[in-house]
Amino acid sequence: MIHVQTSGLADNLAELTDIERNQIPYASMVALNETVKLIEGRLTHEMATVFDRPTPFTLNSLRIIYATKEKLDARVWIKDEADGAAPATRWLTPEVYGGDRSHKRSEALLRARGILPGGKFVVPGAGMKLDSYGNIGRGQLQKILSGLGAQGDRHQNSTDSKRSRANLQRYFVMKRGSEPIGIAERTGTKRGQVQILIAFISKPGYAKALDFFGIGEREAETQLPIQFEKAFERALATRRL
């Protein structure tokens, strides 16, 4: 006589329930979080490759939202806020989606002073000294804005001192006919001894430079099964019986 008992089956069902209720969600959470960390690293490496001299702020501009056992959803996105600086989404999303560049604070100040015409934007001119990342140095920009009387805080603008009056004469808005074309600096006393520091241009556009979603999807497709297998094996080996 073959006697089949349910005790062994009950033990197996109990083990399956523990796996389903605890180990699989835990392994899924770990796999998701390990995968998004790998995606973040891959994207950071890509930014260092496709961008020209990206700043540390740009390379540290990604944010991870980690998954939990209750919410199996991990994300990687661009930081949308920053203390004392523009959020990274302002200049990185055009690199992801393409399209128009957003306004800069300096452009708003120049427009408010009537220096920058409507519909125009600023880019470094041939005479502008750029920092090691290829950007206009903040100190240099502040000096120009102050010399033009374009600072938001009037106390930061040039005063009536002899040195300040010379500074005001040093920087001026260059025009072609009646159209402002940029901000120039006098480098001597002769006519023509000038250099363009900031040029006024029509609204600049960006082509997609960072394949943000493509990289993320390919990395997730490759890594998620690998990371889940590792996490699940570790969860089974360390679970409480």
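The values are calculated or read from the model by the stated rules, or taken from the named source; none is laboratory data. Quantities reported herein were computed from a predicted structural model and do not represent experimental measurements. Quick reminder, even Gly has a Cβ in these numbers, built from the backbone with ideal geometry, and neighbours come from all protein chains shown.
Mind counting the residues in region 52-63 that are outside any helix (DSSP H, G or I) and either surrounded by 14 or more Cβ atoms within 10 Å (Cβ to Cβ) or touching a Gly at 6+ places or on another chain (Cβ under 7 Å) (or both)? Step through it out loud before you land on a result.
Going through region 52-63, the residues outside any helix (DSSP H, G or I) turn out to be 52-55, 60-63.
Among the residues that remain, those that are also either surrounded by 14 or more Cβ atoms within 10 Å (Cβ to Cβ) or touching a Gly at 6+ places or on another chain (Cβ under 7 Å) (or both) are: 52-55, 61-63.
Adding up the residues that qualify gives 7.
Determine whether region 75-91 contains at least one residue that is modelled with pLDDT under 85, touching a Pro at 6+ places or on another chain (Cβ under 9 Å) and either assigned by TED's automatic domain parsing to the domain that holds Met47 or of a type in the set (Gly, Ala, Ser) (or both). Show your work before the answer.
Restricting attention to region 75-91, the residues satisfying the condition of being modelled with pLDDT under 85 are 80-91.
Checking which are touching a Pro at 6+ places or on another chain (Cβ under 9 Å) leaves us with 80-81.
If we keep only those that are either assigned by TED's automatic domain parsing to the domain that holds Met47 or of a type in the set (Gly, Ala, Ser) (or both) as well, we get 80-81.
For region 75-91, residues modelled with pLDDT under 85, touching a Pro at 6+ places or on another chain (Cβ under 9 Å) and either assigned by TED's automatic domain parsing to the domain that holds Met47 or of a type in the set (Gly, Ala, Ser) (or both): present.
Count, please, the residues in region 93-102 that happen to be over 14 Å from Asp211 (Cβ atoms) and exposed (fewer than 13 other Cβ atoms within 10 Å of the Cβ).
Residues in region 93-102 being over 14 Å from Asp211 (Cβ atoms) and exposed (fewer than 13 other Cβ atoms within 10 Å of the Cβ): 1 in total.
One line per residue, one yes/no per condition, for (1) under 23 Å from Thr89 (Cα atoms); (2) surrounded by fewer than 14 Cβ atoms within 10 Å (Cβ to Cβ); (3) assigned by TED's automatic domain parsing to the domain that holds Thr35:
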position	(1), (2), (3)
Arg176	no, yes, no
Gly182	no, no, no
Glu185	no, no, no
Gly188	no, yes, no
Gln193	no, yes, no
Ile196	no, no, no
Phe213	yes, yes, yes
Glu219	yes, no, yes
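Consider only pairs whose beta carbons are under 7 Å apart and that are at least six residues apart or on different chains; among these, list those whose first residue lies in region 227-239 and is farther than 15 Å from Asn22 by Cβ and whose second residue is among the β-branched types (Val, Ile, Thr) and surrounded by 14 or more Cβ atoms within 10 Å (Cβ to Cβ).
Close Cβ pairs satisfying both conditions: Gln227/Thr35.
Any idea which of (1) part of a helix (DSSP H, G or I); (2) at pLDDT 90 or above is the one Pro25 doesn't satisfy?
Tallying (1) part of a helix (DSSP H, G or I); (2) at pLDDT 90 or above, Pro25 fails exactly one: (2).
Would you check which residues across region 64-82 are part of a loop (DSSP other than H, G, I, E, B), surrounded by 14 or more Cβ atoms within 10 Å (Cβ to Cβ) and under 10 Å from the mean Cα position of the chain (by Cα) and list them?
The one that is part of a loop (DSSP other than H, G, I, E, B), surrounded by 14 or more Cβ atoms within 10 Å (Cβ to Cβ) and under 10 Å from the mean Cα position of the chain (by Cα): Lys79.
Based on this model, can you work out whether Lys37 counts as touching a residue at least 12 places away in the same chain (Cβ under 8 Å), under 30 Å from Lys230 (Cβ atoms) and in contact with a Ser or Thr (Cβ under 6 Å, 6 or more places away or on another chain)? Walk me through it before giving the result.
Working: touching a residue at least 12 places away in the same chain (Cβ under 8 Å): yes; under 30 Å from Lys230 (Cβ atoms): yes; in contact with a Ser or Thr (Cβ under 6 Å, 6 or more places away or on another chain): no.
In short, no.
Taking into account only those residues within region 108-120 that are crowded, with 17+ Cβ neighbours inside 10 Å and not basic (Lys, Arg), which is nearest to Gln23 (Cα to Cα)?
Filtering first and then ranking leaves Leu109.
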